[in-house]
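K.L.:
Handing you this structure, nothing more for now.
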Amino acid sequence: MSDKPSDPAEPGGRAPEAPPAPRRKRRWLRWVLRGLLGLVLLIVLLVAGALIYVQTAPGSARVLALALRAANESLAGKLTVGGLELHGGHIVLRDVTLLDPEGERVAHVDLLEVRAALLPLIGKTVHLQVVRIEHPEVWLEIDDRGMNLTRAIAARNPKPPEPSSGPLPFTFVVDRFTLERGAVRVVQGSGEEARRVALTGLALDVSGRYAGPTGAFEGQLEGRGAVSGFLDGPLRLAVKGKGDDRAREASVDLSLAGLVLRGSGAQRGSSVQAKLDRLLVPPAVGRALTPSWTPKVAVELSGEGDLDGDEARADLRGRAGSAELALQAHGNVRAPSVEKGHLELRHVNLSQLLADGPVSDLALTADFRGGGKSLETLTAAVDLSMPPSEIRRAKVGPVELHASANRGTYASFAPSSLECRSPERAGGR
């Protein structure tokens, strides 16, 4: 029998065995992972079930009822929708009607279809692949109460305006927006004095992109239709534009019942450039736009101009019948003042421009400069000359006139006198 102490590591030792802690920890972690996986699976099933439910007829009806209740609780008017179809990112609304607070119809749309890509929403991008509006109609009435559309979409319980939260953090992309068979009817006033105009057969095709965080945008619009009422004729419109916070540019091409407007503009920092390729206003359109319009011939203008800070420059050319116009000016818009201006008129026939104007062939040249905000502060100078001209077959001119103003003091000087000679008499001064 040996007196050597027994080794605890040997089988004969009495030391207790270590507890299997790692095995218990792994088992506990496995159960936690299983629980989390089950919870995620439950959430996925609930979301999938909700998505499947809203795509059914009862689910779509439930979503539509909730949306209409929220809209009508916030609007002063009333919104009704005949039906809603939801299939993922495909949404279809039918028979949409907007009523004013008095219950009169303001707008109606037969069909509104939207196809949206859902995955880009993860990257804060609203991507609308298709937006289609079929047969929209709008009835606008403007009277002492204002416009019926404004009253319809006004807040039922107005709240004080909240400060702007800045640009939207989303990027919006529209591959194609189309509008088919649209109509807008406008009535201004009431009774026999009411002015009425209608835009029918309206079709629009739009595409574009807007990045809220940077303000960058790019888009184009093409439209056509027909106008009737105080003005009758076809309508065609094309607009393009792009830019960001640093620079923008746009162009427009419009034709309406004989009126033509083509031009473009650009902005870079504080500098703005504009170009008027052509503005053509026929007599009928001019009289429809303003009762005081008197030209009996088409008025045509073209030119360009720019604004850099407070400095402005303009170069304008025009024609109305036989009359020709050329105008150049450079000045300061803040003062306001004209540092240098030059005007030329040629072959002006007053019978073409005024209601009872006489037959004439006039010419005029003027150089001008100065500025002021009232007659009391006006400081200016004008040098005017008119070569030999004709009015009612009588000879007029030559004429030379110099005039100036200095804060309420006016002076003029005519080195040559006005001379008129009729075909019958050779005199008359």
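K.L.:
For segment 167-181, state whether one or more residues are among the hydroxyl-bearing types (S, T, Y) and closer than 22 Å to L84 by Cα.
P.N.:
yes
K.L.:
Only residues that are among the hydroxyl-bearing types (S, T, Y) and under 38 Å from the mean Cα position of the chain (by Cα): list them for segment 329-361, please.
P.N.:
S337
Residue-by-condition table, conditions (1) touching a Cys at 6+ places or on another chain (Cβ under 8 Å); (2) modelled with pLDDT of 95 or more; (3) basic (K, R); (4) at negative phi:
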position	(1), (2), (3), (4)
A238	no, yes, no, yes
D245	no, no, no, yes
S251	no, yes, no, yes
L254	no, yes, no, yes
V260	no, yes, no, yes
G269	no, no, no, no
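K.L.:
Then there's this: Taking the residues in segment 220-233 that are at pLDDT 95 or above and not aliphatic (A, V, I, L, M) as candidates, determine which candidate is farthest from L276 (Cα to Cα).
P.N.:
It comes out as G225.
K.L.:
Residue check: is V184 surrounded by 15 or more Cβ atoms within 10 Å (Cβ to Cβ) and over 29 Å from L118 (Cα atoms)?
P.N.:
It is true that V184 is surrounded by 15 or more Cβ atoms within 10 Å (Cβ to Cβ) and over 29 Å from L118 (Cα atoms).
K.L.:
What pairs come out if I take residues in segment 148-159 that are on the phi > 0 side of the Ramachandran plot and pair them with residues that are at pLDDT 85 or above whose C-beta lies under 9 Å away, six or more apart or interchain?
P.N.:
none
K.L.:
Test of understanding: among L99, L68, which residue is farther than 24 Å from V206 by Cβ and touching a Gly at 6+ places or on another chain (Cβ under 7 Å)?
P.N.:
Unique residue meeting the criteria: L99.
K.L.:
Now a separate question. Hey, any hits in segment 155-171 for a residue that's more than 27 Å from D244 (Cα to Cα), outside any loop (DSSP other than H, G, I, E, B) and in contact with a Leu (Cβ under 9 Å, 6 or more places away or on another chain)?
P.N.:
Yes, the conditions are met somewhere in segment 155-171.
K.L.:
Just checking: which of the strands (runs of 3 or more DSSP E) contained wholly in segment 211-314 hold 3 or more residues that are under 17 Å from the mean Cα position of the chain (by Cα)?
P.N.:
Qualifying strands (runs of 3 or more DSSP E): 216-229, 233-243, 247-256, 259-268.
K.L.:
Mind checking which pairs have a first residue in segment 194-210 that is outside any strand (DSSP E or B) and aliphatic (A, V, I, L, M) and a second that is surrounded by 16 or more Cβ atoms within 10 Å (Cβ to Cβ) and at pLDDT below 95, Cβ under 9 Å, 6 or more apart or different chains?
P.N.:
Once the first residue is outside any strand (DSSP E or B) and aliphatic (A, V, I, L, M) and sits in segment 194-210, its partners that are surrounded by 16 or more Cβ atoms within 10 Å (Cβ to Cβ) and at pLDDT below 95 give A194/V187.
K.L.:
Still on this structure: Which members of segment 139-154 meet the condition of being assigned to a strand (DSSP E or B) and either surrounded by fewer than 14 Cβ atoms within 10 Å (Cβ to Cβ) or of a type in the set (A, V, I, L, M) (or both)?
P.N.:
Once the filter is applied, which keeps residues that are assigned to a strand (DSSP E or B) and either surrounded by fewer than 14 Cβ atoms within 10 Å (Cβ to Cβ) or of a type in the set (A, V, I, L, M) (or both), segment 139-154 yields L140, I142, D143, G146, M147.
K.L.:
Next question, about the same structure. Do any strands (runs of 3 or more DSSP E) lying entirely in segment 331-421 carry at least 1 residues that are among the small types (G, A, S) and surrounded by 16 or more Cβ atoms within 10 Å (Cβ to Cβ), and which ones are they?
P.N.:
The strands (runs of 3 or more DSSP E) meeting that bar are 337-348, 360-371, 379-386, 389-391, 394-396, 399-406.
K.L.:
Of all residues in segment 223-233, count the ones that are in contact with a Lys or Arg (Cβ under 8 Å, 6 or more places away or on another chain) and either within 23 Å of S264 (Cβ to Cβ) or surrounded by 15 or more Cβ atoms within 10 Å (Cβ to Cβ) (or both).
P.N.:
Residues that pass the stated criteria total 2.
The values are calculated or read from the model by the stated rules, or taken from the named source; none is laboratory data. The model shown is predicted, which means the values in this text are computed figures rather than measured ones. Glycine also receives a Cβ, built like all others from the backbone with ideal geometry; neighbour counts cover every protein chain displayed.
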